[in-house]
1. Kindly indicate the residue of segment 711-748 that is open to solvent by 80 Å² or more (accessible area, probe 1.4 Å), among the acidic types (Asp, Glu) and modelled with pLDDT of 75 or more and also nearest to His951 (Cα to Cα) among those meeting that condition.
2. Tell me yes or no: at least one residue of segment 36-47 is within 20 Å of Ala101 (Cβ to Cβ) and either open to solvent by 30 Å² or more (accessible area, probe 1.4 Å) or part of a loop (DSSP other than H, G, I, E, B) (or both).
3. Before we move on, is Leu25 in a helix (DSSP H, G or I), under 24 Å from Val118 (Cβ atoms) and open to solvent by less than 30 Å² (accessible area, probe 1.4 Å)?
4. Tally up the residues in segment 69-83 that are farther than 22 Å from Lys126 by Cα and buried (at least 18 other Cβ atoms within 10 Å of the Cβ), please.
5. For Ile570, only one of the following conditions fails: (1) in a loop (DSSP other than H, G, I, E, B); (2) open to solvent by 40 Å² or more (accessible area, probe 1.4 Å); (3) aliphatic (A, V, I, L, M). What is its number?
6. From the list Val868, Val919, Val923, pick out the single residue that is open to solvent by less than 10 Å² (accessible area, probe 1.4 Å) and out of contact with any Lys or Arg (no Cβ under 9 Å at 6 or more places or on another chain).
7. Tell me the residue from Val504, Val535, Val459, Val498 that is touching a residue at least 12 places away in the same chain (Cβ under 8 Å) and not in a strand (DSSP E or B), please.
8. Quick one: which of Val118, Val165, Val158, Val105 is β-branched (Val, Ile, Thr), crowded, with 22+ Cβ neighbours inside 10 Å and part of a helix (DSSP H, G or I)?
Amino acid sequence: MDESDGRKVRNICILAHVDHGKTTLADHLIASSGGGVLHPRLAGKLRYMDYLDEEQRRAITMKSSSISLRYKDYSLNLIDSPGHMDFCSEVSTAARLSDGALVLVDAVEGVHIQTHAVLRQAWIEKLTPCLVLNKIDRLICELRLSPMEAYTRLIRIVHEVNGIVSAYKSEKYLSDVDSILASPSGELSAESLELLEDDEEVTFQPQKGNVVFVCALDGWGFGISEFANFYAAKLGASATALQKSLWGPRYYIPKTKMIVGKKSLSAGSKAKPMFVQFVLEPLWQVYEAALDPGGDKAVLEKVIKSFNLSIPPRELQNKDPKNVLQSVMSRWLPLSDAVLSMAVKHLPDPIAAQAYRIPRLVPERKIIGGDSVDSSVLAEAELVRKSIEACDSSHDAPCVVFVSKMFAIPMKMIPQDGNHRERMNGLNDEDSKSESDECFLAFARIFSGVLRAGQRVFVITSLYDPLKVESSHKYIQEAELHSLYLMMGQGLTPVTEVKAGNVVAIRGLGPYISKSATLSSTRNCWPLASMEFQVSPTLRVAIEPSDPADMGALMKGLRLLNRADPFVEITVSARGEHVLAAAGEVHLERCIKDLKDRFAKVNLEVSPPLVSYRETIEGDGSNLLESLRSLSLNSSDYVEKRTPNGRCIIRVHVMKLPHALTKLLDESTELLGDIIGGKGSHSVKILESQKTSPEENVDPVEELKKQLIEAGVSSSSETEKDREKCKAEWAKLIKRIWALGPREKGPNILFAPDGKRIAEDGSMLVRGSPHVSQRLGFTKDSTETPPEASEAALYSEAKTLESSIVSGFQLATASGPLCDEPMWGLAFTIESHLARAEDFETEKQPENFGIFTGQVMTAVKDACRAAVLQTNPRIVEAMYFCELNTAPEYLGPMYAVLSRRRARILKEEMQEGSSLFTVHAYVPVSESFGFADELRKGTSGGASALMVLSHWEMLEEDPFFVPKTEEEIEEFGDGASVLPNTARKLINAVRRRKGLHVEEKVVQYATKQRTLARKV
């Protein structure tokens, strides 16, 4: 494939909310350009890309799948993706392999929650989007809107989608403006002005040609250009001028044959916008003529005659008016022509796309400690990066491939040879285990070079660093590719070689890749950036085989499932259970079904969902100044513990962090882990923003530092004077961050104490070091003044205890006192005073109390947990954001279901132009299981819900509440008869599951039980 061939390739994914018509649209594109694999009459009914039984049964897409189409002399790789929130990981895999996206929006339902998610994904992956407004026929047949009302609705949807895209763009826009304003000259250069002007353009404009209006079910669609060409000769105007005028406030005056704007209209004019007059009204007339019993059939004949449509007479004489309409419309305005011509014209080819996607695909690296770096390795890595940027498809270019996921297909689906793809191979193969009927293929995109069957390549994971070959050898393996296939939906066509810019299925990588990886023909290649997922797997269940003898089969099945599903997480809990984490109930059901039927083939026992909680203390953290005062070492509000041998006294202070700071720490765990763990700070630094916006040339560490300083004081609601004082206190405190927890990167902070080194009683304070503050650059590496000779031994012993204190803090934050769940949003100061060994009885053997460092660790853990218990502990639960759609008559039953689930309603509004209500609510994750089923039953199928994980929220109830005042006793009764509140019930449920002690009465009512049969 030379460059001219590379320009003729398009890699496109279809993105949309669930049930907005992606697979139906794909059917029509396959029927017209798929080489005869699908008959046009079955398009929209067969759902060709949904070839799994579960997909056909549920009528939703559950995986991303690719097919190659030929349109004119262009080759298109079309990837269909799911719209359900549970399968958003598949959207990420599809987006990474594509260069452009067709974003579908239902003209009746409008923009939904998943539309936001897929637009965000397209923006993150730097895809060029085109908008497809689907189900236009519903505006005519269901809502019965007039052409003018339909036009208003379409304008609103286009405007709303543009608003979403511009909101994502504005993050970049604002930072560009800030950098321009911060320039020393203070004047805007011509280049800067051009940059600002470019960003003012809205993304989707029908007159530009990147918006089409379609009805995928009936197989028709059009862009503005089709109608501009129709009317150009008739109105005596150029097609280009008409295309600009057929959208927006442009009016055609028949008398003068002029196109004018709104201002030029006369006061009493009844002129309609040109889009209504020339596009929508003819469509409405055709629909009314075909579907109304008394419709004017002459209109259909006029359309057939005017456009020379060749329609068989038997189709026009069909008794079903819907079929007649479909025959006319699909020939007058063919759907595939409208969509594919837009894709070819407005979506980029791989050569153009990779040039501007390169900062996202292979972030630029900046070498920091350059002395020991091999310059030849660096030069080759840079050459590989340039090959990806240029999409070099020459035979001597380095070959770089990104595998976005592994997918399993039955062995019988694999073609035996290249001559006849329908011949199925029933059994053995080199890379498939004899006991498995599944074959694993890699879903991949070639970014540079040529990939051949039988080629040897290096499989590189995301942690590989070519500059550290010794420490990175476990992240690189060499593999031989078995065979390559062109994907045709459920079919596979063997090929011998594939060039850069194409999508391909690779066989032979099953044992080497778990989820995703980079393939390279050279060792000296940076791995391509990891994919970003919109949600994380939150629904966890424990699974075990019904028959313990099947444990081996289950383990093997879990390994295969982990490889086959890009999003599932499989772990072994502390209790030895196998825990499977999925994105939601539908995803979980599919995983369990795959385990039972395909991978493990054994009966399984599935536990109720295991819900994660967090533990914190009372308060909202907004009054930071008060909290900082309580954290000071002079405060008397602390918990004191002593080690069993009495040598070390531990004092712990605890405070609540502001919500904004907790959220920032929680969301930045990966970046913090890299910084604190040392990755990226010795030899190489990745210039890739970890934020969702793919900003270029932003140092993520500097950005995080700025956010940490702002988040510490952002929520404080004091006066200006107090705010300044608070800012100064926080600036001091942020230089003392010793550690984060749990797992060294969580949302809890350990501050180093700043008291005197030697106390009045001669004991020494374990000072610790602000390790995290140094890593983040808040403070320099400070060298402590050495102690006097008499204190040297005690000082060195105190230094050895620092790691024990940090370990105790990590243990405490990983399992809180309420129900052994991680702590959330807390800051600790731990003051440890170490006494001299001579002050204690020397004849005592150290073994009596165990190793001293272990005693300190245990004492710190117990003190931290006791400090939390002492300051009104609270439980924090995860919340789903829930979007519900329902008819007005089902609002009552829907609210009844929501109230039973402890939901909090955010807003309720009627959808414009329809009778449906949209309700937004927060639902606790613990209450969400079976919610969709209960909602369907309660509303007789009249309401639908979509949920996505939103945030963590503290439950205000005190789990240890006991009525004390007269009013409380009057309301709740005396302590003996108070029922456990919600917080206590949640805590007891978790403690019971974990096998911890639960305070509950074994006998609730101690009255003698009477039997029914009284035998006296």
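The values are calculated or read from the model by the stated rules, or taken from the named source; none is laboratory data. All of these numbers come straight from a predicted model, not from anything done at the bench. As a convention, Cβ positions derive from the backbone with ideal geometry for all residues, glycine included, and neighbour counts pool all protein chains shown. Ligands, DNA and RNA are excluded from the accessible area calculation, which covers all protein heavy atoms including side chains. Shrake-Rupley method; radii C 1.70, N 1.55, O 1.52, S 1.80 Å.
1. Glu744
2. No, segment 36-47 contains no residue that is within 20 Å of Ala101 (Cβ to Cβ) and either open to solvent by 30 Å² or more (accessible area, probe 1.4 Å) or part of a loop (DSSP other than H, G, I, E, B) (or both).
3. Working: in a helix (DSSP H, G or I): yes; under 24 Å from Val118 (Cβ atoms): yes; open to solvent by less than 30 Å² (accessible area, probe 1.4 Å): yes.
Spelling it out, Leu25 is indeed in a helix (DSSP H, G or I), under 24 Å from Val118 (Cβ atoms) and open to solvent by less than 30 Å² (accessible area, probe 1.4 Å).
4. Keep residues of segment 69-83 that are farther than 22 Å from Lys126 by Cα, which gives 69-74.
Next, only the ones that are buried (at least 18 other Cβ atoms within 10 Å of the Cβ) stay: 69, 71.
Looking only at that region, the number is 2.
5. With respect to (1) in a loop (DSSP other than H, G, I, E, B); (2) open to solvent by 40 Å² or more (accessible area, probe 1.4 Å); (3) aliphatic (A, V, I, L, M), Ile570 is out only on (1).
6. Every option except Val868 fails the conditions.
7. Exactly one of Val504, Val535, Val459, Val498 is touching a residue at least 12 places away in the same chain (Cβ under 8 Å) and not in a strand (DSSP E or B), namely Val535.
8. Every option except Val118 fails the conditions.
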